[in-house]
1. Output the qualifying pairs, or none if there are none: Cβ atoms under 7 angstrom, residues six or more apart or on different chains, first residue in region 107-127 and closer than 18 Å to Leu54 by Cβ, second residue part of a loop (DSSP other than H, G, I, E, B) and of a type in the set (A, V, I, L, M).
2. What number of residues in region 303-331 are out of contact with any Lys or Arg (no Cβ under 8 Å at 6 or more places or on another chain) and of a type in the set (A, V, I, L, M)?
3. With the structure loaded, tell me whether Ile333 is within 20 Å of Lys267 (Cβ to Cβ) and either surrounded by 23 or more Cβ atoms within 10 Å (Cβ to Cβ) or touching a Ser or Thr at 6+ places or on another chain (Cβ under 9 Å) (or both) or whether it fails that test.
4. Within region 349-366, how many residues are closer than 16 Å to Ser329 by Cβ, surrounded by fewer than 20 Cβ atoms within 10 Å (Cβ to Cβ) and not basic (Lys, Arg)?
5. Given the condition at pLDDT 85 or above and not small (Gly, Ala, Ser), answer yes or no: does some residue in region 134-144 qualify?
6. Surrounded by 17 or more Cβ atoms within 10 Å (Cβ to Cβ), over 16 Å from Asn220 (Cα atoms) and out of contact with any helix residue (DSSP H, G or I) (no Cβ under 7 Å at 6 or more places or on another chain): which single residue out of Glu302, Glu274 fits that description?
7. Which ones in region 317-327 are under 25 Å from the mean Cα position of the chain (by Cα), buried (at least 20 other Cβ atoms within 10 Å of the Cβ) and not hydrophobic (A, V, I, L, M, F, W, C)?
8. If the Cβ limit is 6 Å and pairs must be 6+ apart or interchain, which residue in region 352-370 that is over 14 Å from Asn323 (Cα atoms) pairs with which residue that is among the charged types (D, E, K, R)?
Amino acid sequence: MMIKSCVLVFLAFLSVSALANDTNDVTKYGAIPNDGVDDTAAFKAAIAGAESHLYVPAGEFNLSSRLDFTGEITSIVGDGAGLSKMVWESGVSGIYVKPPAGINPVHLKGITLLSKSSNAANAYWYDGSNSINENYIQPRGQGKIVIDDVLIKGYNGAQNHGWKNGLIIDSSLGAVINNFNFLGKTNSDFSSFSDSAILMRGSGDPVIVTISDARIFYANFAVQTVSHEGVFIDQSNFVAVNYGVYTNNSSIQPQLNVSNSHIACRKICIWAKEANQVNVNNNLIYTREQTSGNVIGVLLTEGSFSFNISGNSFVNHSSDDFNMVVAQSDYGIISNNIFNNKNRGTAVWLKSTSSNVNGSNNICYNCGTPVLNQGKASNIVEFSN
């Protein structure tokens, strides 16, 4: 037993030593935290010298231009969001990643990305186009991007400071985003937001996006995905956004799952276009006090079918109409939801092309129109009060 324990300790030592040998600490290249001096040259030297990992220790590092990762670095690691801080002084993009063909995406862990500008572009942009071969991302076993324990925001808060976009991920086979925080920029009357907190797009047949424990404020789109086979969102908060979750899938019909989350929107909280197997379960979905006209809770359009909307609470906090579920789709279940729309709007609105939509045990408080069925006679959605 003692020999086995010694072997395990030795192996652990070897793995830690190996990680240390292929990790470049930016302070070894002249970056000094908290001194207010531009560290861009030191960061670029560290990027050029790193074999696989770039390490950013605790402290605040000042940067004046975009950092490009075009080699074989696979991760940027800090000591934790709120501890390791990268601060861009001017209105430039933060991190741009375009690895060679077949190289795994660059992961981001334990980092804060800050901008002192009112017109900064993208905090983190991954471009995987080099790995597209014959219209597909190759190899198909390539690793996913991992974003974990990351904070993106303006240096002085949200008022007129911050990034236009948080994460842009183009042509990645997939992404796992966990413990992600985005505070976009806005103005004094909350009429203007950052564009997107998370934007997943690109060609090459990307597959799965998993988002959990994300907190997003002040974004036009909290999460926007284009042509992904599966989008899974759980235990997340999207507040003060125009659009909470938006999926647009012109070439495939993917699965969308949103569960156990809190979405407060000003236009559309969840919008699925051409989605197959949509599950929206156990969420709090509501309007903000400041809206920009009528609001929709869940919108299913353009060929979406096979959906389950159950166990959610829909609440209208605005003075505008809140149409809580609007379905232009077939084969669905709407059950065990609680609707409260202050007699403004419709709880369930089934559009002219919808059919075979059923549901029961829904409760509607202060609902002028619980169900508006403009679709087929096969639609039967019942309320228990």
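1. If the second residue must be part of a loop (DSSP other than H, G, I, E, B) and of a type in the set (A, V, I, L, M), the pairs left are Gly110/Ala81; Ile111/Ala81; Thr112/Ala81; Tyr126/Val106.
2. Final tally of qualifying residues: 4.
3. Details: within 20 Å of Lys267 (Cβ to Cβ): no; either surrounded by 23 or more Cβ atoms within 10 Å (Cβ to Cβ) or touching a Ser or Thr at 6+ places or on another chain (Cβ under 9 Å) (or both): yes.
So Ile333 fails the test.
4. Final tally of qualifying residues: 5.
5. no
6. Values: Glu302 fails: surrounded by 17 or more Cβ atoms within 10 Å (Cβ to Cβ).
Result of the check over Glu302, Glu274: Glu274.
7. Filtering region 317-327 down to residues under 25 Å from the mean Cα position of the chain (by Cα) leaves 317, 322-327.
Those left that are additionally buried (at least 20 other Cβ atoms within 10 Å of the Cβ): 322-327.
Listed by number, the list holds a single entry, Asn323.
8. Ser355/Asp330; Ser355/Lys376; Asn356/Asp330; Ser360/Glu382
The values are calculated or read from the model by the stated rules, or taken from the named source; none is laboratory data. Given the structure is predicted, the values throughout are model-derived calculations rather than measurements. For neighbour counting, all protein chains shown are included, and Cβ atoms are generated from backbone atoms with ideal geometry for every residue, glycine included.
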